[in-house]
1. Quickly run through the range 26-57 and pick out the residues that are at pLDDT below 95 and over 28 Å from Glu74 (Cβ atoms).
2. How many residues does the range 93-124 hold that are touching an Asp or Glu at 6+ places or on another chain (Cβ under 9 Å), under 11 Å from Ser19 (Cα atoms) and of a type in the set (A, V, I, L, M, F, W, C)?
3. Just give me the residues in the range 58-109 being over 27 Å from Val24 (Cβ atoms) and part of a strand (DSSP E or B), in sequence order.
4. Can you tell me which of Ala156, Ala148 is assigned to a helix (DSSP H, G or I) and surrounded by 16 or more Cβ atoms within 10 Å (Cβ to Cβ)?
5. Could you go through the range 126-143 and let me know if any residue there is in contact with a helix residue (DSSP H, G or I) (Cβ under 6 Å, 6 or more places away or on another chain) and either among the polar types (S, T, N, Q) or assigned to a strand (DSSP E or B) (or both).
6. Could you list all residues from the range 11-35 that are under 18 Å from Thr101 (Cβ atoms) and not in a strand (DSSP E or B)?
7. Of all the residues that make up the range 42-57, how many are assigned to a loop (DSSP other than H, G, I, E, B) and surrounded by 15 or more Cβ atoms within 10 Å (Cβ to Cβ)?
8. What do you reckon, is Pro162 modelled with pLDDT under 90, within 13 Å of Val31 (Cβ to Cβ) and more than 20 Å from the chain's Cα centre (by Cα)?
Amino acid sequence: MKITTDIDRRVDAVAGTGSVTVAVEAPKECVFALVSNLHRMAEWSPECVGVDVDGQRLGVGSTFVGSNRRDGNEWTTPCTVVAMEAGATFGFFSGDEETGTTWTYRMRGLTGGATELSESFDSRRLRHPDWRDLLAGRAEQLVEDMVATLMAVKRAAERTAPEGTGP
């Protein structure tokens, strides 16, 4: 049985939040291994071009630097892992305390060995009144980028899932 390829998108530009959810025909442990592998982040994300992890073991409190590119602009962002539960949650905070963003991936097992994969953001900058007008449309852009990210993860997970897993 094939699971749906529907994509659930949610965005609240005023609150600076958004989320995307897809079903993946692979076990949640496989999906978690992909989204928590920071060396592969640039494969999934349309904006990320690389991550410098500094060779440390990844866990809550680990730091890394993300390199990003959009519309000819390039920047780096310091990040800290804020959530890591194998097969369930991976999250990190990027930027500074005043204007940073929390990015979270959640995995939930579905019937037949598939996984519901969600990515969300909570951006302090996007909800800050001083930035809201300047960044109009950015929340929607991030949601569309998350669609591309999750679809890339889905393709990779479904290609690499062990035989006999998923529906």
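The values are calculated or read from the model by the stated rules, or taken from the named source; none is laboratory data. Computed from a prediction, not measured in an experiment: that's the story for all the values here. Cβ coordinates were reconstructed from backbone atoms using ideal geometry, including for glycine residues, and neighbour counts include every protein chain displayed.
1. Listed by number, the list holds a single entry, Arg57.
2. Number satisfying all stated conditions: 1.
3. In the first step, residues of the range 58-109 are kept if they are over 27 Å from Val24 (Cβ atoms); the result is 61, 63, 65, 71-76, 78, 95-100.
Thr63, Val65, Asn73, Glu74, Trp75, Thr76, Pro78 - these are the residues of the range 58-109 that are over 27 Å from Val24 (Cβ atoms) and part of a strand (DSSP E or B).
4. On the way: Ala148 fails: surrounded by 16 or more Cβ atoms within 10 Å (Cβ to Cβ).
None of the other options fit; the residue is Ala156.
5. No, the range 126-143 contains no residue that is in contact with a helix residue (DSSP H, G or I) (Cβ under 6 Å, 6 or more places away or on another chain) and either among the polar types (S, T, N, Q) or assigned to a strand (DSSP E or B) (or both).
6. If the condition is that a residue be under 18 Å from Thr101 (Cβ atoms) and not in a strand (DSSP E or B), then Ala13, Val14, Ala15, Gly16, Val35 are the ones that fit.
7. Of all residues in the range 42-57, those assigned to a loop (DSSP other than H, G, I, E, B) come to 45-47, 53-57.
Then keep just the ones that are surrounded by 15 or more Cβ atoms within 10 Å (Cβ to Cβ); that gives 45-47, 53.
Residues meeting the conditions: 4.
8. Yes.
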